1. Name the pairs whose Cβ atoms lie under 8 Å apart, with the first residue in segment 358-385 and over 10 Å from Pro65 (Cα atoms) and among the polar types (S, T, N, Q), the second modelled with pLDDT under 75 and outside any helix (DSSP H, G or I), and 6 or more positions between them or separate chains?
2. What is the residue count in segment 1-53 for residues that are loosely packed, with under 13 Cβ neighbours inside 10 Å, modelled with pLDDT of 80 or more and among the charged types (D, E, K, R)?
3. Which pairs turn up if I take residues in segment 278-290 that are without any contact (Cβ under 8 Å) to a residue 12 or more places away in the chain and look for partners that are assigned to a helix (DSSP H, G or I) with beta carbon separation below 9 Å, at least 6 apart in sequence or on another chain?
4. Please find, among Met156, Met145, the residue that is within 17 Å of Ile353 (Cα to Cα), in contact (Cβ under 8 Å) with a residue 40 or more places away in the chain and not charged (D, E, K, R).
5. Residues in segment 8-51 that are over 22 Å from Ser151 (Cβ atoms), part of a helix (DSSP H, G or I) and of a type in the set (Val, Ile, Thr): how many?
6. Go through segment 188-231 and give me each residue that's modelled with pLDDT of 85 or more, in contact with a Phe, Trp or Tyr (Cβ under 8 Å, 6 or more places away or on another chain) and farther than 18 Å from Ile84 by Cα.
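The values are calculated or read from the model by the stated rules, or taken from the named source; none is laboratory data. Small disclaimer: the values here were computed from a predicted structure and weren't measured. Methodologically, a virtual Cβ is constructed for each residue, glycine included, from the backbone with ideal geometry; neighbour enumeration extends over all protein chains shown.
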Amino acid sequence: MKFSPAGKLTDKQVANGLSLIVKDGLMAEAMATLTGGAFLIALALKLGASNFQIGILVALPTISPVFQLLGIYLVRKYQNRKLITVFSSALARGPLLLVSILPFLFSPQISLVFLIIFLFFHYLFGSVSGCSWNSWMKDLVPDNMLGRYFSNRSRMIQILSVSLSFLIAFVLDYVKVHNPTWEVKTYSVMFAVGGVLGLLGVLLLAKTPEPEMEAMQSNLFRLFRKPLKDINFRNMIIFNTSWAFAIGLAAPFFSVYLLKMLHLSLSYVVFLNILSQGTNILFIRIWGKFSDQYSNKSILRICAPIYLCCILGWTFTTMPNPHTFTIPLLVLIYTFNGIAVAGINLSMSNIGIKLAPRQGDAAVYLTVRAIIVAAVAGTAPLIGGFFADFFASHELAWNLEWKSHGITTFVLPLLNLKQWDFFFVFSFMFGLLALYRLRFVQETGEANRNVAIGEIVLELRNEVNMHSTFAGLKTMLYFPKAYLVAIKRKKKIKQYIRHKRKRNFYIYRRDKHFSKPGLLRKGS
């Protein structure tokens, strides 16, 4: 394995590299599913973690983009992104193997302390690796297939994540019921398997070729100012941060709202999230094709309003209490939420890579964006939590009343906001302001706005109609009407057949009667 840049790559080398990057993504996603998310929190609680320690574990991924500054320094000094990515990934994924042996060596409290320490280094080196990886991918993936490639990669990763999550949840439930003493050991096995898969991904990265990058000779602090002096990239950062702030006010509290305000069971919450992931998987390939054919801005102009409407739709799930249409409305919200998020995440990522310089400073541009967006996205939930506590004792109701002789005869609730509803509305308003900032971002190859959106909507409708799942749903929706039409048609056919038989019988009797000898006349 060579760690030095390969200069200009051939088409065969590029194709081989893109295949290896997909495989590494699958390995990394399997590692993240086994060692992160709800399973990590469950392990920490099993070890006796306090709320403060849980807060630290949740905060680590949020603050980790700050360490991308170290990645910029290393890329600038050594001019070898592959070497930095491979060794940083190894240092990030190796500690997961150490986590797997903690319950066998120490008490739960000491194991918990080491868990936090090891995960700190996991996220630190992961951010360094991500910085150099982004710059590497900028030069490796051709611009004309950027959307299709990353959409297909993301779709495969999400399919693996959903499938693996189902399997792990089933195994953990089985262990809890039949052998509770093995629960912590099961988590240890999960971390061990996750660490091994992560290191296998490192080997795949080591085999991936790297095109040579331009030298970065500028002062490091001047490099950090460079993305902010680029007017177009600065406008993109402003849009990205304003959008992250708007979404961060509401998105982290969706599950809390379902459990506390709507009093739904955890199974409902899991089902709705799976529904969102499913539509995300179905549509991410479609958005990837459209982003290459038209532009990422066109995708954002379609998906962002859909997502904002989904956020505003949460306020109608209680009027002021759960009602008959609450569950159907939630199904619609999560369905369109998955469709919109697929296009937004893909376009946000691609437009940042596309607007960064092709060589040299790409790592600096993408890192500066990641740091600023992460800082804003991290503060938004805190502000949202403050608003939730403040508005807990406030309510805004707007009803339409009919009175007869001074007595209220009918009340139609038009609007009823309380606690969480307020910052759902605030999130919607800030999202509209973020969309206004999108108009200042200029993208290469951008098509006419109205023409592009119109053509995307038409092609999207054709894609939906052609897709077997949606065709099946459409058939199910029209089944009652089709059934009634078929019955009516069957009755008409039977009536026609009876009429035809009766008519033929009379014709037969008439012909038989006139065919007797002596009855036929000349010329008859």
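1. Taking only residues 6 or more apart or on different chains, the pairs are Gln359/Met213; Gln359/Glu214.
2. 2
3. Every condition considered, no pair remains.
4. Details: Met156 fails: within 17 Å of Ile353 (Cα to Cα).
It is Met145.
5. 2
6. The answer is Ser188, Met190.
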